[in-house]
Amino acid sequence: MKGHLLSTEDLSRDDALVVLDTAERMARVAEASVRKLPTLRGRTVVNLFFEDSTRTRTSFEVAAKRLSADVINFSARGSSVSKGESLKDTAQTLEAMGADAVVCRHPASGAPHRLATWVRGSVVNAGDGTHEHPTQALLDAFTMRRRLGRVDGLAVTIVGDVLHSRVARSNVWLLTTLGASVTVVAPPTLLPLGVSSWPVEVSYDLDAVLPKSDVVMMLRVQRERMSAAFFPTEREYSRRYGLDVDRAATLPEHALVMHPGPMVRGMEIASAVADSARSTVVEQVANGVSVRMAVLYLLLGGSGEVS
Amino acid sequence: MTTNGSGQSWVLRQVRPLGGDAVDVLLADGVVAAWRPPGSTSPDSEGLPLGTTVLDTAGLIMLPGLVDLHTHLREPGREDAETVESGTRAAALGGYTTVFAMANTNPVADTAGVVEQVWRLGLDAGHCDVRPVGAVTVGLAGERLAELGAMATSAAEVRVFSDDGHCVSDALLMRRALEYVKAFDGVIAQHAEEPRLTAGAQMNEGVMAARLGLPGWPAVAEEAIIARDALLAGHVGSRLHVCHVSTAGSVELIRWAKAKGWQVTAEVTPHHLLLTDDLISSFDPVYKVNPPLRTAADVAALRAGLADGTIDCVATDHAPHALEDKETEWAAARPGMLGLQTALSVVMETMLIPGHLDWAGVADRMALAPARIGGLPRPAAEGWSSIAVGAPATVTLLDPSPWRVVEADTLASRSRNTPYAGRSLPGAIRATFLRGRPTVLDGKVV
Amino acid sequence: MASAAASDPASRRPGIARTVLSADDITRIVSRMAHQILEKTSGGAGVVLLGVPTRGVPLAHRLAQRVHAVEGVDLPVGSLDPTMYRDDLRLRGVRPLEVTEIPDGGVDGRVVILVDDVLYSGRTVRAALDALAAYGRPRTVQLAVLVDRGHRELPIRADYVGKNMPTSRRASVAVRLREIDGADGVLIVSPEAGLTGAAADPGELP
């Protein structure tokens with residue numbers, strides 16, 4: 001296997017478990033008095049972000065720096081990228097800079113796959129269009145495992161704009177690979193037509209699913225979807241698919257509420273639920289660093305060949 | 001194959017017309033002059049015109065020169081991607097003797113001036129006949145009719161009109177266009193794509209699009225327009241041609257329209273006969289095309305439709321694109337694939353070898369039917385419809401036996417966007433004759 | 001995604017394996033080392049045992065058990081994974097990370113004894129010293145190894161050695177412990193005759 005992390009769809013169960021186990025070790029590092037490791041000294045990680053995402057970029061940056069990698073932030077804004085430079089030219093520039101890994105966020109699905117054919121280094125998909133966001137799914141699985149002790153056998157419900165969600169796609173593949181049973185809940189307009197081929201249950205009725213859920217993952221719903229007639233009004237969406245206090249009360253005692261962020265409070269999730277004890281929103285951020293350290297270590301921590 | 005001099009006359013020794021029994025065929029004065037017993041002809045045989053060249057064409061299949069109803073030559077406007085010269089060179093190497101050049105150039109071929117310019121460039125290049133397609137609407141904008149009559153009566157004698165690349169989506173405008181071209185026996189070639197259903201679309205809507213997170217191009221966007229246009233054509237009694245049919249549902253609709261007795265014809269591209277949307281998992285934009293690659297079930301229905309004549313012909317939709325328009329992320333890439341130099345091989349692989357068509361059927365779908373639909377001038381049309389004695393010597397010779405690995409860099413097109421690179425395809429064009437004059441010999445442009 | 005691969009050099013190499021220490025030998029050696037530790041640290045005062053994974057960890061636990069049996073003292077035992085501090089990571093595929101478990105009370109001001117199975121180039125120990133520094137500042141750091149096979153590449157020596165075992169660089173030493181391998185024993189695996197070059201894997205560091 002070439003050293004890239006482009007999707008969770010092609011991640012084997014063993015590989016996924018290695019990432020989670022390694023992330024667990026990385027999380028321990030955070031407990032040491034010196035949290036910096038020399039592991040990736042002399043390696044260069046480029047954060048190539050064609051979309052604004054301070055959250056994800058910062059998470060990768062912290063992860064790389066904890067492992068002593070040199071980090072270059074290369075954002076589309078203010079660079080030649082915004083002046084019409086092609087992705088391929090950018091790739092060649094990064095190549096010339098000696099990037100060992102490129103962490104790529106791009107509004108076009110598949111852009112990191114293209115990038116991976118043009119650079120020698122490892123490519124990590126940090127979110128591509130409406131395709132995948134593998135490290136988000138890995139950190140979600142990691143969070144579930146830390147809180148509930150396992151992923152295998154969990155009933156996970158993913159609610160919201162599945163059609164446009166890279167987080168949903170990556171989670172569907174990863175969680176089912178790890179043995180969870182996944183239900184997606186959305187208005188039919190916000191589910192892809194091909195969802196019937198996914199290894200998931202589909203429901204249009206959130207109330208029916210919540211009492212059986214160990215984890216409920218709320219996806220962001222962008223208000224501009226309304227203008228394209230995906231649903232009539234924000235109020236109607238919120239009533240049918242929002243996680244308000246009353247709905248959250250129907251969850252089992254142990255159930256987690258997750259959100260990849262950024263949240264639209266009052267739309268898909270009520271503030272009181274987002275801030276409740278069952279919410280993992282804050283620790284998802286910390287876990288994100290551990291998971292990304294694990295990914296960078298596994299991609300860059302060796303000779304590049306599997307021994 | 002050997003040549004021993006250049007003459008006005010040629011003998012194709014032991015060639016197999018339409019894959020049948022071998023015969024010696026004499027091409028002289030631009031026509032098929034005689035069929036002689038196989039192997040009986042040598043350079044000093046009696047009755048040959050002075051300077052006749054005898055070609056050893058044993059084992060080669062002779063077909064009428066291929067006709068492509070759907071070629072993008074990109075000139076004027078994108079000469080970096082293709083020119084009339086390079087595109088028709090590719091056409092000749094692919095066995096084509098006529099190509100219909102689509103109107104979506106820059107400027108758009110929506111006036112007599114532009115279509116005549118393209119037509120003259122074709123004459124100058126001389127690799128094959130170039131028949132310009134006129135735009136249906138001014139600037140392909142879908143708002144008002146272009147001067148269809150002026151293009152029809154120009155030197156280019158335009159008979160096929162299309163906004164290809166764009167759908168004439170306005171039902172009233174489409175009705176008017178269908179009616180209007182009856183005056184000069186024109187045909188509207190519709191790019192069937194309901195634009196509201198394909199806003200932002202990137203690939204076939206279905207299982208793969210759901211996986212890859214690419215906005216879907218639903219089959220219904222094509223089928224809805226085909227159904228509407230068939231009804232319109234039936235209503236006003238006009239000729240409708242459906243470009244690049246890509247779905248199983250479209251085949252059914254066209255079958256239905258033909259059963260009604262309406263004048264509806266259709267084409268399918270080689271790539272829709274062979275490739276499916278699961279190739280897109282690589283996100284390589286070489287597989288991006290409009291209409292998009294569909295599923296294996298669609299491919300099967302298209303093959304069956306072409307076999308039973310529901311789909312009348314194969315058209316390449318040869319669409320060259322410069323590297324910078326393809327070496328990008330998927331969404332930024334332009335849709336389209338090269339097709340001229342691989343079309344016959346793909347049809348062999350998908351139709352001939354599996355037994356859906358014989359050589360006569362291939363000749364019909366790739367030469368005779370498109371010539372009829374395109375309204376080629378009568379003598380020529382008769383020529384194309386026959387390789388019998390007296391017909392124009394416009395023929396293609398191919399060796400059916402070799403398999404070759406397609407290499408993008410060796411294609412004649414200025415562009416490299418072939419989806420078949422690295423793939424092994426059957427057959428090789430050895431020679432192409434246009435009215436008795438070779439445009440390709442020994443697999444090379446003359 | 002690259003997989004981290006665990007590998008036991010001795011088990012996947014062709015060669016001739018020879019048992020050099022039996023289970024009983026190991027028991028006696030561990031017992032002796034426990035006595036030496038007690039002697040050298042004045043009864044184990046302030047001692048923390050940190051095993052270097054994988055086989056250093058059960059060895060550390062065995063030493064603690066012997067110390068307890070002899071003196072009734074309970075020494076804190078933990079593990080310290082030096083992997084991310086190694087200087088030879090790029091010489092082969094990604095190494096899987098092991099557990100680091102610092103006992104409650106930490107290492108500040110303690111006598112930390114690092115425990116490993118085989119001492120060879122010294123690079124693992126160097127990495128472990130760096131790893132240890134991230135968790136605090138011990139008063140003293142000592143090293144206990146079951147086997148010292150020589151060939152040091154760094155100025156490092158062990159304070160407690162179970163058995164000095166001069167070996168060829170081309171041979172490998174395999175320590176088997178029942179907690180991990182089901183049975184105790186130490187083997188020397190020599191490369192097969194005629195395969196001298198093949199077995200000399202430069203990436204194969206201890």
* **For region B:397-442 and region A:109-166, distance of Cα centres in Å** => 44
* Work out which GluC sites (Glu not before Pro) in chain B are exposed loop sites (DSSP not H, G, I, E or B, at most 13 other Cβ within 10 Å) and give the longest gap free of them. => B:144-406
* **Estimated distance in nm for a label pair at B:Glu46 and A:Glu31, the labels positioned 7 Å out from Cα along Cα-to-Cβ** => 10.8
* Computed magnitude of the charge dipole of region A:134-284 (debye, nearest 20; Cβ of K, R +1, Cβ of D, E -1) -> 260
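Explain nothing, just the number: dipole magnitude of region C:32-79 about its Cα centre with +1 on each Lys and Arg Cβ and -1 on each Asp and Glu Cβ, in debye rounded to the nearest 20.
220
How large is Rg over Rh for region B:52-108, taking Rg from the Cα atoms and Rh as the Kirkwood inverse mean of 1/r across Cα pairs?
1.15
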* **Given charges at beta-carbon only (K, R positive; D, E negative), |dipole| of the protein assembly as shown in Debye** => 2320
* To do: Taking the dipole about the Cα centre of chain B, with the C-beta of Lys and Arg at +1 and of Asp and Glu at -1, give me whichever of B:Leu55, B:Val114, B:Ala369 is farthest to the positive side.
  => B:Ala369
* Hey, if you put +1 on the Cβ of every Lys and Arg and -1 on every Asp and Glu Cβ in region A:134-284, which of A:Phe231, A:Pro260, A:Val185 ends up farthest toward the positive end of that dipole? -> A:Pro260
* Structure fact -> Expressed as a percent, the portion of alpha-carbon pairs in region B:64-384 spaced more than 35 Å apart is 11
* Å³ per residue enclosed by the Cα convex hull of region A:134-284 -> 96
* Alpha-carbon centroid distance for the pair region C:146-184 / region B:33-71, whole angstrom -> 84
* Structure fact -> Farthest towards the positive end of the dipole of the protein assembly as shown, among C:Gly136, B:Pro38, B:Val406 and with Cβ unit charges of +1 on Lys and Arg and -1 on Asp and Glu, lies the Cα of C:Gly136
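Across peptide B:307-313, what mean number of C-beta atoms from other chains lies inside 10 Å of a residue's C-beta? Walk me through the intermediate numbers first.
Numbers: counts 0, 0, 0, 0, 0, 0, 0.
Neighbouring Cβ atoms belonging to other protein chains average 0 per residue here.
Counting only DSSP beta bridges with both residues in chain C, what percent are antiparallel, rounded to the nearest 5?
Looking only at bridges with both residues in chain C, the antiparallel portion is about 35 percent.
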* Structure fact -> Pseudo-spin-label distance C:Ala45 to A:Arg13, built 7 Å along Cα→Cβ, given in nm, is 5.5
* Can you give the mean number of other chain Cβ atoms that lie within 10 Å of the Cβ atoms in peptide A:192-198? -> 6
* Roughly what % of DSSP beta bridges within chain B run antiparallel, to the nearest 5? -> 50
* Structure fact -> Rounded to the nearest 10 degrees, the helix C:56-71 long axis (Cα) sits at an angle to the longest Cα principal axis of chain C of 40
* Asked: For peptide A:33-39, how many partner chain Cβ atoms fall within 10 Å of a residue's Cβ, on average?
  -> 5
* Globularity index of the protein assembly as shown, i.e. its alpha-carbon radius of gyration over 2.2 N^0.38 Å -> 1.22
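No lab work stands behind these numbers, since they all come straight from the coordinates. Note that the coordinates shown come from a computational prediction; the quantities given were computed from them, not determined experimentally. No Cβ is skipped: glycine too gets one built from the backbone with ideal geometry, and neighbour counts run over all protein chains shown.
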